[in-house]
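Here is the structure we will look at, set down as structure tokens.
The values are calculated or read from the model by the stated rules, or taken from the named source; none is laboratory data. All figures in this text were calculated on a predicted structure; none of them were measured in a lab. Here the Cβ is made from the backbone with ideal geometry for all residues, glycine too, and neighbour counts use every protein chain on show. We work out accessible area using only protein heavy atoms, side chains counted, and drop any ligands, DNA or RNA first. Shrake-Rupley method; radii C 1.70, N 1.55, O 1.52, S 1.80 Å.
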Amino acid sequence: MGYMLDTANLEKIKICQAIFPLVGVTTNPSIFKMEGKLDVFEHLRAIRQVIGKTQSLHVQVVSTEASKMVEEAENILSQVDEEVYIKVPVTIEGLKAIKLLKEKGVHVTATAIYSEAQAYLAIDAGVEYIAPYFNRMESLNIDVPLLLTHIAAYIEKTGALTRILGASFKNIHQVNQTLSLVGHDVTVDPTLLLDVLSTASIKKAVSDFQVDWESVYGAGQTL
């Protein structure tokens, strides 16, 4: 299993690269909106410089028609590099685009997954990743753990090489559920990961250790 960062913030990516065992970075139009208007391709190339070629970079198309999605994908690949994973929403037009892109040998991440049917269709189309939206489905009263379990079973049954890339998390419990159920990958807001290591309980434990040490060996003494 692996962790990806769901962000386009270059500074957060740099910070997290030094801390976490990351396998990639995912972006989408809403994430880019948070960064303000910028040169998207220049920014993506900067992200690639930070994460290198050993980690995956996922970039989403913005068009809604299959032919234009394919054009955008080709532009992304030419402007950044051929190893970018193109994120395509699983809609009627999206599945058309996925089929065309896979015929060209393009890496594809199927996104905006809200149902088993969407996932199965994307898996059968040969995508490398499917991104089910955990929190958004949970808000719709969908039994997300059951859905993830069924999708994982389908992948195993069919022998597909598709990996589940859990997305849309609002708390670490949702992340943990995804990893424990399917053991594939998750893409997480950097703040959510950083907060896990910065709780009051952890800070108190570290502080207590330091106080106990200094009470015996004195302040400023180290091993």
Sort out which residues of region 122-155 are within 16 Å of the chain's Cα centre (by Cα) and on the phi > 0 side of the Ramachandran plot, and write them in order of number.
none
Selection over region 117-145 where residues are touching a Leu at 6+ places or on another chain (Cβ under 9 Å) and more than 24 Å from Thr27 (Cβ to Cβ) yields a count of 1
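Restricting attention to region 32-50, does a residue exist that is among the small types (Gly, Ala, Ser), out of contact with any helix residue (DSSP H, G or I) (no Cβ under 8 Å at 6 or more places or on another chain) and at pLDDT below 95? Steps first, answer last, please.
In the first step, residues of region 32-50 are kept if they are among the small types (Gly, Ala, Ser); the result is 36, 46.
Those left that are additionally out of contact with any helix residue (DSSP H, G or I) (no Cβ under 8 Å at 6 or more places or on another chain): 36.
Adding the requirement that they be at pLDDT below 95 leaves 36.
Yes, there is a match, as at least one residue in region 32-50 is among the small types (Gly, Ala, Ser), out of contact with any helix residue (DSSP H, G or I) (no Cβ under 8 Å at 6 or more places or on another chain) and at pLDDT below 95.
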All conditions in (1) over 20 Å from Phe32 (Cα atoms); (2) surrounded by 15 or more Cβ atoms within 10 Å (Cβ to Cβ) are true of Ala112 except (1)
For region 61-103 the number of residues that are under 15 Å from Pro29 (Cα atoms) and open to solvent by 70 Å² or more (accessible area, probe 1.4 Å) is 2
Consider region 51-85. How many of its residues are under 18 Å from the mean Cα position of the chain (by Cα), modelled with pLDDT of 95 or more and charged (D, E, K, R)?
1
In region 127-156, anything aromatic (Phe, Trp, Tyr) and more than 19 Å from His58 (Cβ to Cβ) is listed as Tyr154
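Just checking, how many residues over region 181-214 are closer than 23 Å to Ala160 by Cβ and touching a helix residue (DSSP H, G or I) at 6+ places or on another chain (Cβ under 9 Å)?
Step one: list which residues in region 181-214 are closer than 23 Å to Ala160 by Cβ, which gives 181-187.
Pick out the ones that are also touching a helix residue (DSSP H, G or I) at 6+ places or on another chain (Cβ under 9 Å) and you get 181-186.
Within region 181-214, residues that are closer than 23 Å to Ala160 by Cβ and touching a helix residue (DSSP H, G or I) at 6+ places or on another chain (Cβ under 9 Å) number 6.
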How many residues are open to solvent by 20 Å² or more (accessible area, probe 1.4 Å), touching a residue at least 24 places away in the same chain (Cβ under 8 Å) and not in a strand (DSSP E or B) when one looks only at region 2-18?
6
For region 130-171 the number of residues that are over 14 Å from His184 (Cβ atoms) and small (Gly, Ala, Ser) is 3
